[in-house]
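This report refers to the structure that appears directly beneath it.
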Amino acid sequence: MINNDILRSIRYMLDLSDNKVIEIIRLADPEFAIEKDELRGYLLKEDEPGHVACSDRVMAYFLDGLVIHRRGRDESLPPRPVEKRINNNVVLKKLRVAFQFTDVDMHQAFADAGFPVSKPELSALFRQPGHKNFRQCGDQLLRNFLKGLTLRVRGA
């Protein structure tokens, strides 16, 4: 999925203002500067004037900030390095951590979206890329998870 779509979807799901999104991004790294106009460009649709593609770096800071925003910062652990490449599997993992989802919660989110996923399919999404049972998370799968998560967070 395109980073811009993910950002828009999570922003809608949590009903975040522009300032709150910027605040969440800065939770991951206070030195990382992003301006309101730049954020607005990320939130525009591709065919709208002023649209700017959201980089993997911005998405990584947003997802890491979302984890800190939802769960708090663990001062006993050193800060994790920011992901260099963001793919659907990374987004799924970060959202799972941010919302403290168990396998049951994940299955329920997919079921709420009308897209049930089996246990082996779900566990394959969270394996390391070199593992023989690793499965790439497709756009449709992530889109349905975001839909189910939105239904769960915002209410039906």
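The values are calculated or read from the model by the stated rules, or taken from the named source; none is laboratory data. Since this is a predicted model, take the numbers as computed values, not measurements. Backbone-built Cβ (ideal geometry, glycine too); neighbour counts: all protein chains shown. With ligands, DNA and RNA removed, areas are computed over all heavy atoms of the protein, side chains included. Shrake-Rupley method; radii C 1.70, N 1.55, O 1.52, S 1.80 Å.
For the chain, the dipole from Cβ point charges (+1 on Lys and Arg, -1 on Asp and Glu) about the Cα centre works out to 580 debye, to the nearest 20. Once the 1.4 Å probe is applied to the protein heavy atoms, the stretch 66-156 comes out at 62 Å² accessible per residue.
Please find, in a Gaussian network model of the chain (springs between Cα atoms separated by less than 10 Å), the residue of Lys84, Lys132, Lys45 whose mean-square fluctuation is greatest. For the chain, modelled as a Gaussian network with Cα springs under 10 Å, the answer is Lys132. Per-residue ellipticity at 222 nm from helix content only, as computed over the chain with -39500 (n - 2.57) for each DSSP H run of at least four residues, stands at -18000 deg cm²/dmol. For Arg80 and Lys45, a Förster radius of 30 Å and the Cβ-Cβ distance give a FRET efficiency of 0.40, rounded to the nearest 0.05.
Taking 0.36 nm per residue of sequence separation and removing the Cα-Cα distance, the Asp15/Asp139 pair yields an extension gain of 42.4 nm.
Taking the longest Cα principal axis of the chain as reference, the axis of helix 103-112 is set at about 80 degrees.
Is the stretch 73-112 best put as rounded, prolate or oblate by its Cα gyration tensor, with a ≥ b ≥ c the root eigenvalues, rounded for a/c under 1.5, and otherwise prolate when a/b is larger than b/c, oblate when not? Oblate, because a/c is 1.5 or more while a/b does not exceed b/c.
For the chain, the longest principal axis of the C-alpha atoms and the axis of helix 56-71 are separated by about 70°. Taking the empirical scaling 2.2 N^0.38 Å for compact globular proteins as reference, the stretch 9-156 has a Cα radius of gyration ratio of 1.07.
For the chain, the residue among Asn133, Pro78, Val21 whose Cα projects farthest onto the positive side of the dipole built from Cβ charges is Asn133. Pairs of Cα atoms nearer than 8 Å and 6+ residues apart set the relative contact order; for the stretch 58-143 it is 27 percent. Here the label points at Arg57 and Lys119, each 7 Å from Cα along the C-beta direction, are separated by 4.3 nm in the simple model. Mean sequence separation of contacting Cα pairs (under 8 Å, at least six apart), scaled by the length of the chain, corresponds to a relative contact order of 24 percent. Here the stretch 9-156 has 49 percent of its accessible surface on carbon and sulfur atoms, given a 1.4 Å probe and all protein chains in place.
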